[in-house]
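First up is the structure itself, then whatever we jot down about it.
The values are calculated or read from the model by the stated rules, or taken from the named source; none is laboratory data. It should be emphasised that the depicted structure is a prediction, and the values quoted were computed from it without experimental measurement. Every residue, glycine among them, receives a Cβ derived from its backbone with ideal geometry; neighbour counts consider all protein chains shown. Heads up: the accessible areas ignore ligands, DNA and RNA and are worked out on the full protein's heavy atoms, side chains in. Shrake-Rupley method; radii C 1.70, N 1.55, O 1.52, S 1.80 Å.
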Amino acid sequence: MDRELFPRERTEVAPGAVHVPDWLDAARRRELLAACREWARPPAGLRTVRTPGGGTMTARQVCLGWHWYPYAYARTVVDGDGARVKPFPGWLGELGREAVRDALDVAGPAYDIALINFYDAEARMGMHRDSDEKSDAPVVSLSLGDTCVFRFGNTETRTRPYTDVELRDGDLFVFGGPSRLAYHGVPKVYPGTAPPELGLTGRLNITLRVSGL
Ligand SMILES: O=C(O)CCC(=O)C(=O)O
């Protein structure tokens, strides 16, 4: 980015966990945002996720391919309108494989799950592990809109040691190998930091996973 004093660089945050700034070009950001807007529509659209303890997640979510709910997968929105989950598009799988090749320099797997998380100014995501899949394939995470703090921790505890990474519009983060089951979360979103030309208020995260189901 020409406004940066120091260009942001590809960084290996932990073994197998790589941040690639500005990975999506402007056209892909616009396409992805338009697709997210379609996916968010009912049936099986954007929903508030309720946790078994009676709480709610502040980031709202829509799934493709397999529907994630705490803490399993289904083909229908079992904790919502009951509709069949929207299909996982081939082009999104190709984008995921490309992301893995670029970030980790290995062949990417066949992705079959997307979780799209929408964060408004107050939304957060607590430290958790992506452990409901029966596959150790790397997780691909794409960011659109507002900048956030992405906290990437260790595989043992929700607490330190962790690294805080700023994820901005267009950034890619991939975590696999020894980091596949690391705790991670989003403690903060910076409202109003999305590039105005994108036309998004808030932050979208598109997470791709392999179900192994
Ligand atoms: O929004 C993010 O960057 C993280 C999302 C996430 O951790 C998840 O969907 O499991």
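Only one entry in ARG37, ARG97, ARG8 is more than 16 Å from the chain's Cα centre (by Cα), at negative phi, away from the ligand (no atom under 16 Å from the Cβ) and not aliphatic (A, V, I, L, M), namely ARG8. Of the numbered criteria (1) within 14 Å of the ligand (Cβ to nearest atom); (2) free of Cβ contacts under 8 Å to residues at least 12 places away in the same chain; (3) of a type outside the set (Lys, Arg), the one TYR183 fails is (2). Scanning the range 15-30 for residues that are under 30 Å from THR155 (Cα atoms) and open to solvent by less than 80 Å² (accessible area, probe 1.4 Å) yields a count of 9. Does VAL174 satisfy the criteria of being at pLDDT 95 or above, buried (at least 16 other Cβ atoms within 10 Å of the Cβ), under 15 Å from the mean Cα position of the chain (by Cα) and under 23 Å from GLU98 (Cβ atoms)? It is true that VAL174 is at pLDDT 95 or above, buried (at least 16 other Cβ atoms within 10 Å of the Cβ), under 15 Å from the mean Cα position of the chain (by Cα) and under 23 Å from GLU98 (Cβ atoms).
Name the residues in the range 51-71 that are under 22 Å from GLY202 (Cβ atoms), away from the ligand (no atom under 13 Å from the Cβ) and of a type in the set (Gly, Ala, Ser), would you? If the condition is that a residue be under 22 Å from GLY202 (Cβ atoms), away from the ligand (no atom under 13 Å from the Cβ) and of a type in the set (Gly, Ala, Ser), then GLY55 is the only one that fits.
Conditions (1) surrounded by 14 or more Cβ atoms within 10 Å (Cβ to Cβ); (2) under 19 Å from ARG60 (Cα atoms); (3) over 14 Å from the mean Cα position of the chain (by Cα), marked per residue:
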| residue | (1), (2), (3) |
| --- | --- |
| GLY126 | yes, yes, no |
| SER131 | no, no, yes |
| VAL139 | yes, no, no |
| PHE152 | yes, no, no |
| THR157 | no, no, yes |
| THR163 | yes, no, yes |
| ARG180 | yes, no, no |
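Listed here are the residues, each with its yes/no results for (1) out of contact with any Phe, Trp or Tyr (no Cβ under 7 Å at 6 or more places or on another chain); (2) touching a residue at least 60 places away in the same chain (Cβ under 8 Å); (3) polar (S, T, N, Q).
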{"position": "TYR73", "(1), (2), (3)": "no, yes, no"}
{"position": "VAL77", "(1), (2), (3)": "yes, no, no"}
{"position": "ARG84", "(1), (2), (3)": "yes, no, no"}
{"position": "GLY93", "(1), (2), (3)": "no, yes, no"}
{"position": "ASP105", "(1), (2), (3)": "yes, no, no"}
{"position": "PHE118", "(1), (2), (3)": "yes, yes, no"}
{"position": "ALA121", "(1), (2), (3)": "yes, yes, no"}
{"position": "ARG124", "(1), (2), (3)": "yes, yes, no"}
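If you take the residues in the range 105-124 that are within 21 Å of ARG151 (Cβ to Cβ) and of a type outside the set (Asp, Glu), which one is surrounded by the fewest Cβ atoms within 10 Å (Cβ to Cβ)? It comes out as ALA121. Which ones in the range 31-67 are open to solvent by less than 30 Å² (accessible area, probe 1.4 Å) and under 23 Å from LEU213 (Cα atoms)? Within the range 31-67, TRP39, ALA44, GLY45, VAL49, GLN61, VAL62, CYS63, LEU64, GLY65, HIS67 qualify. Within the range 77-94, can one find any residue that is within 14 Å of the ligand (Cβ to nearest atom) and either open to solvent by 50 Å² or more (accessible area, probe 1.4 Å) or modelled with pLDDT of 95 or more (or both)? No: the range 77-94 contains no residue that is within 14 Å of the ligand (Cβ to nearest atom) and either open to solvent by 50 Å² or more (accessible area, probe 1.4 Å) or modelled with pLDDT of 95 or more (or both).
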